[in-house]
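S.K.: Have a look at this one before I ask anything.
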Amino acid sequence: PESDAYGTSGYEAPVGKLEILLAQAFAEVLDLEQVGRHEDFFELGGHSLLIVKLLSLLRSHGVELDIRNFFQTPTVMDLAATVGGGSAPIEIPAQLIPAGSQVITPSMLPLVTLNAEQIAAIIAQVPGGAGNV
């Protein structure tokens, strides 16, 4: 077909060291000649297994990304903004289950929504009970 070989958005060269590194990594993993800053990893043929390969390649260059970043910001430009501090940090809630606790209540679990019966079912499957959850 006589379509644009570099996607539908048109080629625009990466800007800055991080975008250039990301574009080169995309190109290497996807076996492409070049990748522009607006190119979408998935539109270029990427998939979740290739993301793992790409993450490894980027780590070898000192760039840390989470697999979620690719689904939220799949373009070179947007990923560079994410790595460069363009996204808000993730806040991890405090540990609300006291050490040695023999009881776990729904209010102690800020990351999940479970009722007392569901918690009891989980605890029943753990040797040693709530103290080992």
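The values are calculated or read from the model by the stated rules, or taken from the named source; none is laboratory data. Owing to the predicted nature of the structure, the values given are computational and were not obtained by experimental measurement. Because the Cβ atoms are built from the backbone with ideal geometry, glycine has one as well, and the counts that use them run over all protein chains shown. Just the protein is used for accessible areas: all its heavy atoms, side chains included, with ligands, DNA and RNA removed. Shrake-Rupley method; radii C 1.70, N 1.55, O 1.52, S 1.80 Å.
S.K.: From the residues in the range 1-39 that are touching a Lys or Arg at 6+ places or on another chain (Cβ under 9 Å) and within 18 Å of Asp66 (Cα to Cα), which one is modelled with the lowest pLDDT?
M.R.: Glu19
S.K.: Being touching a helix residue (DSSP H, G or I) at 6+ places or on another chain (Cβ under 9 Å), more than 13 Å from Ala80 (Cα to Cα) and surrounded by 14 or more Cβ atoms within 10 Å (Cβ to Cβ) is the filter here; which residues of the range 13-39 pass it?
M.R.: If the condition is that a residue be touching a helix residue (DSSP H, G or I) at 6+ places or on another chain (Cβ under 9 Å), more than 13 Å from Ala80 (Cα to Cα) and surrounded by 14 or more Cβ atoms within 10 Å (Cβ to Cβ), then Val29, Leu30, Leu32, Gln34, Val35 are the ones that fit.
S.K.: Among the residues of the range 40-76, how many are open to solvent by less than 60 Å² (accessible area, probe 1.4 Å), modelled with pLDDT of 90 or more and part of a helix (DSSP H, G or I)?
M.R.: 7
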